1. Which residue out of A:ILE233, A:ILE194 is surrounded by fewer than 19 Cβ atoms within 10 Å (Cβ to Cβ), closer than 25 Å to A:VAL111 by Cα and out of contact with any Ser or Thr (no Cβ under 6 Å at 6 or more places or on another chain)?
2. For B:ALA537, all conditions in the list (1) closer than 17 Å to B:TRP322 by Cβ; (2) of a type outside the set (S, T, N, Q); (3) at pLDDT 90 or above hold save one; what is the number of the exception?
3. Could you grab me the full set of residues in the stretch A:141-180 that are in a loop (DSSP other than H, G, I, E, B), facing another protein chain (nearest Cβ under 8 Å) and at negative phi?
4. Quick check on the stretch A:303-313. Is at least one of its residues within 13 Å of another protein chain (Cβ to nearest Cβ) and within 14 Å of A:SER82 (Cβ to Cβ)?
5. From the set of residues in the stretch A:197-213 that are surrounded by 19 or more Cβ atoms within 10 Å (Cβ to Cβ) and facing another protein chain (nearest Cβ under 8 Å), which is farthest from B:ASN218 (Cα to Cα)?
6. Against the definition (of a type in the set (S, T, N, Q), more than 14 Å from chain A (Cβ to nearest Cβ) and surrounded by fewer than 18 Cβ atoms within 10 Å (Cβ to Cβ)), how does B:GLN414 come out, yes or no?
7. Could you please let me know if A:TYR248 is touching a helix residue (DSSP H, G or I) at 6+ places or on another chain (Cβ under 7 Å) and either farther than 27 Å from A:LEU150 by Cα or within 14 Å of another protein chain (Cβ to nearest Cβ) (or both)?
8. If I filter the stretch A:280-293 down to residues being in a helix (DSSP H, G or I) and touching a helix residue (DSSP H, G or I) at 6+ places or on another chain (Cβ under 6 Å), which single residue comes out as nearest to A:ARG97 (Cα to Cα)?
Amino acid sequence: MFAYTIRRLVQMIPLLFAASVVIFALLALQPGDPLDELRQNNPNLTAEQLEQLRKAYGLDQPIYVRYFKWLGRALQGDLGQSRSYGVKAAEFVFGERLPRTLLLSGLAFAVALLIAIPVGIFSAVRQYSTADYAITFMTFIGFSTPVFFLGIILLYLFTVVVPERTGLPALPTGLPSLFWSDVTTGSISFFGFIGTWASHLILPVMTLALIQMASWTRYMRASLLEVLNQDFIRTARAKGLAERKVLYKHALRNALIPIVTLVGLAVPGVLGGAIITENIFSYPGMGRTIFESLLAKDYNVAMAALAMLAVLTALFNLIADLLYAVVDPRIRYS
Amino acid sequence: MKYLSKLATVWIVGAGLAFAGPQDNTLVVGASQEPTVLGGDFLSIISNQSIKAEVENYLLVPMIGIDADSKNFPIMVTELPTLANRRLRSVDIGGGKRRLEMDLTLRSDLKWSDGTPITTDDIAFFNEVGNAKGMPVLNPDVWERRKLIVKDKLNFTVTFEPAFYTDTIGAPIGYAPAHVMRPEWQKVLAQTQNLDAKRDAARLSEIYRSFFQAFGSNRAINQGKMVWSGPFRVTRWAAGSTIELTRNPNFWITPPGGADKYVQRVTYRIIQNTNSLLVAILGGGVDATSRVSITLDQARSPQLTSRAPGRYDIWSVPGAVWEHIDVNKFTNVERVKELGLDDKRTRQALLHALDRDSWVKAFFEGFEPVSHTWVAPVNPLFNDKVRRYEYNPDKAKALLAEMGWRPGPDGILQRTVGGKTVRFEIEFVTTSGNAIRERTQQLFAEQWKRIGVAVKINNAPSAVVFDAKYLNRAVEGTWTGMTMFAWVSSLAELGNLFKYKDLNTGATFIPTAENNFTGQNIGGWRNDEYDRLAAQAVVEFDPEKRAELFARMQVIWAEELPALPLRFRADPLITKKGLVNYLGATYSGGNNYPNWLPWAIGWTARGAQKLFDQAKYATAISTK
């Protein structure tokens, strides 16, 4: 297992190198450059001045030179500066945006898992009951509702309709205007701080969790039903084991195997942020960072964020494979 | 029940912003963009966003502002330089060129937010930084033409050579807090002394950006590294969420009745998704919209207009963004020659075939007016008396018939050019994904079909269309017919969009290989009379004579019709009832900024006096 892990990690190096080449090339080959806007808005720029600016931004060099320069610096831990924000790209992506996404998507992930798995189990155990039909109906609605629609409807409900009808203030969105220093200086209590953050996170977490929950509930139900119909479950029941034991000890562990893969592969997506949800709820996380950096042609930020996603995808693929072995004793790596 | 009350408490704490407004004499502005830096980036090297300029109107006032009537007004100087008071002098330096000299005196009561006096030292510092070797400034031509002469702590002269009338619009120069930023700048100078402006351009740019960022980033601002000169200072900037500004007690202008009767705290709420921003307005969490906020369509939505009576005023402020169709006129492009696009009759026929009046009525309820030239109607240089092209398909057909076009078997016009039968099918490009442009394109294609002109739509994402390798290469036939997009015009109109050559500077504006494809005259129109008039107009410092010259330029333009003028866009402005002096006009603050008089923004309920009437500068959108 150890040797296998090391081998997979070593294999990741050429993979990530290739991924970085592809990402860099795609970014560099997209139409336009950061000077387009300037060129359009300032008719007085002469060709010479424009050339000087191109040099200042390093845009005058061929793509491969720019790539190797980037790679050389990246290997030393320097991912360059953000053109839009003027700060270090790594600091901006990993220090500012990623933790926010971890908080939002992590919470949504946890809420979705905590609800989807028990509901999926319940639905499978009570197959064809009214409750099962109701859950199935709800999950199909969840499946087919686009996230932008659900988000804006929830926003409208909790910031306009509910306050208008009940007089309650609107649920806030975006980030709270609070710093940790507010707690240390005593201008807000610890619980007030957490409460304010929580109130800001309710809507985006709910939106993300509802969408994710729908699919995981269906997977859980289908997976458990498949296991419940297998011979060894019949045997377990035949030898007189309590239904509870049959379900949780024999069936569930097997049914969770495909779920582990699903969840493992979903993690990089979660860290990549939820662009639409982040946009609707004004939450500056990774999704918005990637989108905005592409639009603004802020190459260093886009490279840092996308390269991180490439690393995480490769890493979580490996983790999912290793977890396979943990949950399924039939699988062994050598 | 207890749980519910706890939840409600959290809800109320979190939604504190919803209570802003006249109750606590504050203002919450809803914006769809966030500045990436503020203050320290005083040359806009890191960012030149509109939202940055808007927020900075509260924080770093210009020496000379631009009011709602597009006129200069003094903020930091004792009086405006004019030809009459001899503080403004225009000197003939031969060859049709002029030098402009402006004498200015700072008010003696100016202070930074930390109490340090603002003096000419701060202007000299601004000038020194901007002139540093390899500084990637946005408008290098201004820096090349401008000189600063400091006389004493309060008096200074700014000269421009060669000068253009646009040098007299707004402040001729900026300033920056030397007492705060100079020590760091000295380190930058030491770091860059051995670098070469050309060879080490990228390295220099990086060092400079780090310097500006050290005083402009979110973190630097929250650490209090920057000082402010405006009526407000930043107290908190929660990145991606809110920017809170509070009154600066050191500001020198007192609004009528005393500063305490006006807004004491301004909070920018950043909500990038405009639908979400609309919902925030509906929910009452926003008192007014920023220059960069929802669209005019959203401002006219029934959800808003039905909730507005008694709560909000909704305005449509005329804008200076000009939507038009540029036409390829480069005769070396075969398709241009075949279709006769270089002949003004073809372009006139194409415009006569469009029912633009019905279009603006149907699409924009008339809030966005049809344009007849490239100059915005609110610009003092606008000429109303130019040739207009009414909707007249018969006239269009007659003009095309004059050029030998006859209906073909499929109803589309055709003619013989050089022994070859040519069908009138014209390429029509616009930015895909822009719903209004795409809908407009469909409508126009249908109207052109009625006169026998077929349209071949060839849209691309804006990144492709605005790529200089595409838009600026009509001479190479990258686009062979028409491209529909917008130019952002300003009060400082130089006529560059349609110049072949600037006779004062020698710069050319038709993008070709000779000038490395720079310039905005992308369709390649050349009219020597227009160029001559433009060269005179931009060095004419008498506003009336200048307007006359521009009037003639517009007459020529409308007759020759190098592009098809469509409309001027309008911007929405939403304000809660009772908010005064938060007023948008096309050129207020230079670019339709509603906070061009930031110290006088207030609520009537708190004793603020209304100084201006928005109805003079915008059209009310009816609420029901």
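The values are calculated or read from the model by the stated rules, or taken from the named source; none is laboratory data. Predicted, not measured: the structure shown is a model, and the values here were computed from it. Note: ideal-geometry Cβ built from the backbone for every residue, glycine included; neighbour counts use all protein chains shown.
1. A:ILE194
2. If we test B:ALA537 against (1) closer than 17 Å to B:TRP322 by Cβ; (2) of a type outside the set (S, T, N, Q); (3) at pLDDT 90 or above, just (1) comes out false.
3. Residues satisfying the conditions are A:LEU168, A:PRO169, A:ALA170, A:LEU171, A:PRO172, A:THR173, A:LEU175, A:PRO176, A:SER177, A:LEU178, A:PHE179.
4. no
5. That would be A:SER199.
6. No, not satisfied.
7. In short, no.
8. A:MET286
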